[in-house]
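The values are calculated or read from the model by the stated rules, or taken from the named source; none is laboratory data. Worth saying up front: this structure is predicted, and the values here are computed from it rather than measured. Virtual Cβ from ideal backbone geometry, glycine too; neighbours counted across all protein chains shown.
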């Protein structure tokens with residue numbers, strides 16, 4: 001058997017393994033999407049079959065009508081508000097802090113950087129109770145503020161990512177801008193921030209995913225049905241005191257995947273570039 005034949009067989013089995021493994025990974029999502037077109041009996045007794053016996057589009061109508069007189073569109077709007085504002089706040093605040101660590105020399109910078117990195121090692125569950133007590137005393141419980149306000153102070157993960165990217169930007173650009181009379185603020189807004197585009201897009205995608213899919217924080221801080229996000233509202237379909245409408249629940253779960261999927265398709269190129277590169281090479 002020649003080398004070319006061995007290479008072809010190796011390539012064939014590699015692609016076969018990747019396709020099989022990918023199918024196993026995506027199968028639960030496909031089963032959920034197919035469940036959006038089935039009734040409860042077909043979902044519970046249909047096993048692992050994907051294709052429904054009959055396509056029931058009324059599940060989307062029933063799911064969109066929501067509950068308690070509140071349309072599911074309201075829940076989607078709440079999710080967009082929380083995810084959108086949080087993402088914008090995270091991008092700007094993290095970029096500012098990253099620029100300071102990467103470009104500005106100030107006393108205690110190493111100490112502050114170490115303290116920031118240490119916050120990444122703290123599980124969120126450890127500070128959950130203290131945060132709730134503080135937010136409750138501030139009167140924020142029952143509003144979107146606990147879900148949005150902390151992101152105006154940056155996040156360690158994205159600060160570190162942007163800082164590493166900014167370090168790859170040639171300092172000659174800063175020096176040339178300084179000669180032209182630019183201040184540190186002008187250098188950031190006119191030079192560094194635009195060049196951080198791949199890293200910023202990566203931050204937008206990941207942060208939006210995190211906030212859109214977040215379940216724990218909205219469940220703890222939001223106590224009014226009209227303020228529920230989509231992730232909390234979907235859980236309400238599983239009611240222990242009555243019959244669970246699995247079809248409507250799967251239909252709304254499928255709809256909740258659409259924004260995430262679209263963002264990934266639109267910004268996929270920038271996501272790969274932002275993760276795989278560390279800045280511009282001079």
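See the values below:
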{"read-out": "Selected residue [surrounded by fewer than 18 Cβ atoms within 10 Å (Cβ to Cβ) and either modelled with pLDDT of 90 or more or within 20 Å of residue 81 (Cβ to Cβ) (or both)] from 155, 131", "value": "131"}
{"read-out": "Contacts under 7 angstrom Cβ, first residue in the stretch 253-282 being modelled with pLDDT of 85 or more, partner assigned to a loop (DSSP other than H, G, I, E, B) and surrounded by 13 or more Cβ atoms within 10 Å (Cβ to Cβ), 6 or more apart", "value": "254/36"}
{"read-out": "Residues that are within 16 Å of residue 255 (Cβ to Cβ) and free of Cβ contacts under 8 Å to residues at least 40 places away in the same chain, drawn from the stretch 30-54", "value": "30, 34"}
{"read-out": "Residue count, the stretch 68-79 (criterion: assigned to a loop (DSSP other than H, G, I, E, B) and in contact (Cβ under 8 Å) with a residue 60 or more places away in the chain)", "value": "1"}
{"read-out": "Residues of the stretch 28-43 classified as closer than 9 Å to residue 246 by Cα and in a helix (DSSP H, G or I), total", "value": "3"}
{"read-out": "Test: residue in the stretch 157-167 that is in contact (Cβ under 8 Å) with a residue 60 or more places away in the chain and under 30 Å from residue 142 (Cα atoms)", "value": "yes"}
{"read-out": "One residue from 191, 232, 205 being over 21 Å from residue 167 (Cβ atoms), at pLDDT below 90 and assigned to a helix (DSSP H, G or I)", "value": "205"}
